[in-house]
Amino acid sequence: MTGRHVLLIEDEPNIIEAIRFILTREGWKVDSHAHGTGAVEMVQKTDPDLLILDVMLPGRSGMEILRDLRALPEYENLPVLMLTARGQMRDRDMAERAGVSRFMTKPFSNTEVLAAVRDLLAQASRP
Amino acid sequence: MASFNLLVAVCLGYVAILFAVAFLADRIAATGRGRWLRSPLIYTLSLSIYCTAWTFYGAVGYAVRSGLEFVTIYLGPTIVMIGWWWGLRKLVRVGRSQRVTSIADLLSSRYGKSNTLAICVTLLAVIGITPYIALQLQSITLSFATFAEADPSRGWADVSSGLWVAGGLAIFAILFGTRNLDANERHHGVVTAIALEAVVKLVALLAVGIFVVWGLAGGIGETMARIDASPIGEWNVDPGRWSAITFLAAAAFVCLPRMFQVMVVEIDNERHLHTAAWAFPLYLFLMSLFVVPIAAIGLDLLPEGTNPDLFVLTLPLSQGREDLAMLSFLGGFSSATSMVIVASMALSTMLSNHIVMPIWLSWTGSAASVSGDVRSVVLLARRVSIVVILALGYFYYMLSGGGAGLAAIGLISFAGVAQMLPPLVGGLYWRGATRTGALAGLGVGAGLWLYTLLLPGLGGFIPDTMLQQGPFGLSWLRPQALFGITGLDPMTHAVMWSMALNALTFVIVSLITLPDPIERLQGAQFVNVFEHSTGLRGWTGYVAQSEDLLIMAQRILGTSDAQTLFQREADRQGARGHLPEPTPDFLERLERNLAGSVGAAAAHAMIAQIVGGASVSVEDLLAVADESAQILEYSSQLEAKSAELSRTARQLRDANDMLTRLSAQKDAFLGQVSHELRTPMTSIRAFSEILRDTEDLSPAETTRYAAIIHDEARRLTRLLDDLLDLNVLESGQVSLNMRAGTLAQVLDHALSSALAGAERKMVVHRRPEMENVPLYSDLDRLAQVFINLASNALKYCDADRPELTIRVQIQDDMLSVDFIDNGRGLTDEAQTLAFEKFYRVSGEKAGGAGLGLAICREIMQRLDGDVTYLPGQGGGAFRVTLPLREGGRGIDAAA
């Protein structure tokens, strides 16, 4: 099983700590970035197997970051799990058009997040 | 010696002849024959009604009293006829093209169909002419009396004879003047009878003159010698009086209602004026030729004290020439009757058209349609008016007692009607003349005429003391020496003042008032009458008319349509290839066609203009104007509607934009709230699940995660509190708890709350001596604002050693409290957004939801103050302002 590296882009420190705790216990390596600006560079630098992306970020929104990434050939198929606290239908539509892999509304249950991460990585590792 | 009965019989016979002539002339005119009826000779002779009994008898008396001054009476009209015939032609053209019935009608028509003006002119004319009619009664009565004295077989009572004469003249005038309804229609019968009377009076005067010169004086040389010997021969000329009376006679010649009647209303052909221009002065010359000889010989031969006004009659009588006296009597009778007939006809037309009929119509409320009913009412009104006018004349005659000289009464009358001259001439030549100007001028002129001439002349109306000292002792208002100008004879004085101030008022008021649209229209029609009408020359031939019609039709219908129409018509008339004759049928079809393009009234007016020769009536023009106005109004209504539509569309668009904006704002707000609520909930849920599901947590981890849950729960509570607070403040349902306190107390409380237990230490600089300010406000809310500002300073001040300065100022009953820290302060962007909801300084996670400053602003606005950012203080700086109120009488506690 390749790739157990997750990049988390989230500005809320408590949420970062919670997700990091959950995923680390399951044997994943978690990097985090707390700002919208510099998020794409962070992806390029850490080259994660999966990206967890918040929507409302200081600097740039998660939607913009996702669109930028999908425009790059090497991240066309990067699994992206998007988390949003706004939870409006419009956001889900926008996210899907921007090329999101999975969309979840905060607050989430820890098992849901784990399941989604496993799922996405399994899909990605399939030829 | 002729008996009195014979005299009466001759009079009745003469009247019967006149009737017969009038009747025959009417019959002949009705059959269309008798071109001589419309000859310039008849027209010229009819103008001779200018020479009334006043001129027939009175000129001799005038000459006896004032020498050659009587000539002025003939000079005025002569000057007008010779020197102003072009002006008369314009008057005649206007009168015919406007179909006016009287001078009152003409003036009212010129000044926008104003009946007020017509009424004023009518009243002025009636007042002015009444003495004149009295004069005719007097002359007839006097001449009767002269015969009666000469015939002792018959007693003669002056008064009753006057009544008989007045009644007879009334019947005469009614029978002659009101046989036809249309006042505009020429009265051929009356005019012919008047022409006959003109011949009789000229012949009579010439006969008496010849008898006097050759029969009594014995030739011309002898006569001249006798004249030289008499006082009449002395040329005693007062230039002022001469020019005044000449002017008066000229003005009266144009303005007298009876002159207007024969000169303008009764004219058949404009070219008659050319003949009259020399023939009428000749007539006047002949009438005046023997005045001086008769006066001189009469003074010589007749006993002292004989009335010189009757020399023409008494000279032949004294010589036993009763045949000549009878002729002379008939001449005087002719002069009087012709004047009374025409004057009462003219005045009755004015009275009935402008006063009686409007009143009758408003009483009965019936429409002014010329039904049989109305026709009989009009005739009745005219007849009653004639009786009224003669009755007025008779009463004036009774009142004045026949004492004053004939000439004096005549001049007073002249001066009255001369007041119409400024608006008449102004109306013909000056488009700027307005109705208000005409009314004002007439009022001033008529008032001065009454005051300076008519009332003093009547005797008894104005006491002698007033004549000599002025009313209320105001000497400058003396009726015969206005403004202190003395030494003028009363006539010159009155004419000068009344005419000058009349004209001046007319001009000045016209200049400062604006004519209404109908006045403008009429003004143009009058002033440019020669461009608007084609004269009275009659038809210019059918072909020329057809060409004009085609040209006009092409302009309106377009060339091909018009030509098709005319060709089809020519075919129908069997004249293929030629222009069609303008038959009534064709004209009717053409008018209908044109009406489709320009409206019925305009079409009618255009065709009338070409075919009818002259007359586009006022009604036609007004109808055109009405139609144009309707079209204009319709199109402006359309414009207004389309403007309204686009306005409505714009409003809808605005409303839509507004709703969209509001909806977007609501979405953004809900999104914000959702985000702010879900974020702490996410942490709480995640760490709760970790605590629940993870068995091997270290005690330190357990403690830490429980603390996070606790913090986030508190954050959530705070957020909900803020949201509710803001909602309450924004909805205006907050109740303020107003109470008294000092600023120092509030600051103490707020700073201790904000800084207590903080991890960072912050130095606060205060100046307690400034803070002892009594307040009356919601002190808890004010403290909430101070706490918020102090907490923000503590949270966001990025200095190593944070300091906060509290600065208090009072200016004009406004308290301002500044919170200034020593950090970097807010960026420009942050300054503008700081008070927006959910705004947080970028990157900061200080635990607030970004509602603090929004709430502060809401609170301060509730307290009638404000909170603003103070740029340029070297750090973050917020200013709270609050109006100072004394306890107990501040704002409503329940605001």
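The values are calculated or read from the model by the stated rules, or taken from the named source; none is laboratory data. Because the structure is a prediction, the values reported are computed rather than measured. Cβ coordinates were reconstructed from backbone atoms using ideal geometry, including for glycine residues, and neighbour counts include every protein chain displayed. Heads up: the accessible areas ignore ligands, DNA and RNA and are worked out on the full protein's heavy atoms, side chains in. Shrake-Rupley method; radii C 1.70, N 1.55, O 1.52, S 1.80 Å.
Does A:G27 qualify as being of a type in the set (G, A, S), within 14 Å of chain B (Cβ to nearest Cβ) and over 21 Å from B:L677 (Cβ atoms)? Give the steps one after another, and end with the answer.
Values: of a type in the set (G, A, S): yes; within 14 Å of chain B (Cβ to nearest Cβ): no; over 21 Å from B:L677 (Cβ atoms): yes.
Spelling it out, it is not the case that A:G27 is of a type in the set (G, A, S), within 14 Å of chain B (Cβ to nearest Cβ) and over 21 Å from B:L677 (Cβ atoms).
Please state which one of B:L248, B:L286 is part of a helix (DSSP H, G or I), assigned by TED's automatic domain parsing to the domain that holds B:Y132 and open to solvent by 30 Å² or more (accessible area, probe 1.4 Å).
One residue alone meets the criteria, B:L286.
With open to solvent by 50 Å² or more (accessible area, probe 1.4 Å) and either in contact with a helix residue (DSSP H, G or I) (Cβ under 6 Å, 6 or more places away or on another chain) or at pLDDT 90 or above (or both) as the only criterion, which of A:R67, A:R60 stands out?
After applying the criteria, what remains is A:R67.
When you scan the stretch A:82-102, how many residues do you find that are open to solvent by less than 20 Å² (accessible area, probe 1.4 Å), outside any helix (DSSP H, G or I) and hydrophobic (A, V, I, L, M, F, W, C)?
The qualifying residues number 3.
Within the set of pairs 6 or more residues apart or between chains, which connect a residue that is within 14 Å of chain A (Cβ to nearest Cβ) inside the stretch B:710-730 to a residue that is in a helix (DSSP H, G or I) with Cβ atoms less than 6 Å apart?
What qualifies is B:E712/B:P680; B:E712/B:S683; B:E712/B:I684; B:R715/B:P680; B:L716/B:P680; B:L719/B:E676.
Looking only at the stretch B:98-118, count every residue that is outside any loop (DSSP other than H, G, I, E, B) and either closer than 24 Å to B:H187 by Cα or small (G, A, S) (or both) and tell me the total.
Result for the stretch B:98-118: 8.
If you check B:A713 against the conditions, is it under 30 Å from B:R807 (Cα atoms) and either of a type in the set (D, E) or open to solvent by 30 Å² or more (accessible area, probe 1.4 Å) (or both)?
no
So, in the stretch A:33-59, exactly how many residues are within 14 Å of another protein chain (Cβ to nearest Cβ) and either more than 21 Å from A:R86 (Cβ to Cβ) or hydroxyl-bearing (S, T, Y) (or both)?
2
Would you say B:L163 is in a helix (DSSP H, G or I) and either modelled with pLDDT of 80 or more or of a type in the set (K, R) (or both)?
On the way: in a helix (DSSP H, G or I): yes; either modelled with pLDDT of 80 or more or of a type in the set (K, R) (or both): no.
Considered against the rule, which asks whether it is in a helix (DSSP H, G or I) and either modelled with pLDDT of 80 or more or of a type in the set (K, R) (or both), B:L163 comes out as no.
Please list, ordered by first then second residue, the pairs with beta carbon atoms under 8 Å, 6 or more apart or interchain, first in the stretch B:822-837 and in contact (Cβ under 8 Å) with a residue 60 or more places away in the chain, second open to solvent by less than 80 Å² (accessible area, probe 1.4 Å).
B:K837/B:F669; B:K837/B:Q672; B:K837/B:L726; B:K837/B:G850; B:K837/B:L851; B:K837/B:A854
Hey, among the residues in the stretch A:103-127 that are surrounded by 14 or more Cβ atoms within 10 Å (Cβ to Cβ) and among the charged types (D, E, K, R), which one's farthest from the other protein chains (Cβ to nearest Cβ)?
A:D119
Which residues, taken from the stretch B:648-680, are facing chain A (nearest Cβ under 10 Å) and charged (D, E, K, R)?
Answer for the stretch B:648-680, where residues must be facing chain A (nearest Cβ under 10 Å) and charged (D, E, K, R): B:D667, B:E676, B:R678.
Return the only residue of A:I9, A:I16 being open to solvent by less than 50 Å² (accessible area, probe 1.4 Å), more than 14 Å from chain B (Cβ to nearest Cβ) and over 13 Å from A:L69 (Cα atoms).
Details: A:I16 fails: more than 14 Å from chain B (Cβ to nearest Cβ).
Checking each option against the conditions leaves just A:I9.
If only one of A:M94, A:M89 is over 13 Å from the mean Cα position of the chain (by Cα), more than 9 Å from every other protein chain (Cβ to nearest Cβ) and free of Cβ contacts under 8 Å to residues at least 12 places away in the same chain, which one is it?
Every option except A:M89 fails the conditions.
Filter the stretch B:693-708 for residues that are within 10 Å of chain A (Cβ to nearest Cβ) and of a type in the set (V, I, T); which is surrounded by the fewest Cβ atoms within 10 Å (Cβ to Cβ)?
Once the filter is applied, the top-ranked residue is B:T694.
Going residue by residue through the stretch B:236-244, is there one that turns out to be open to solvent by 20 Å² or more (accessible area, probe 1.4 Å), in the same structural domain as B:I297 (by TED's automatic domain parsing), outside any helix (DSSP H, G or I) and in contact with a Leu (Cβ under 9 Å, 6 or more places away or on another chain)?
yes
For the stretch B:682-692, give me each residue that is open to solvent by less than 80 Å² (accessible area, probe 1.4 Å) and at the interface with another protein chain (Cβ under 7 Å from one of its Cβ atoms). Give the derivation first.
Kept after step one, since they are open to solvent by less than 80 Å² (accessible area, probe 1.4 Å), are these residues of the stretch B:682-692: B:682-684, B:686-691.
Residues satisfying the conditions are B:T682, B:S683, B:A686, B:F687, B:E689, B:I690.
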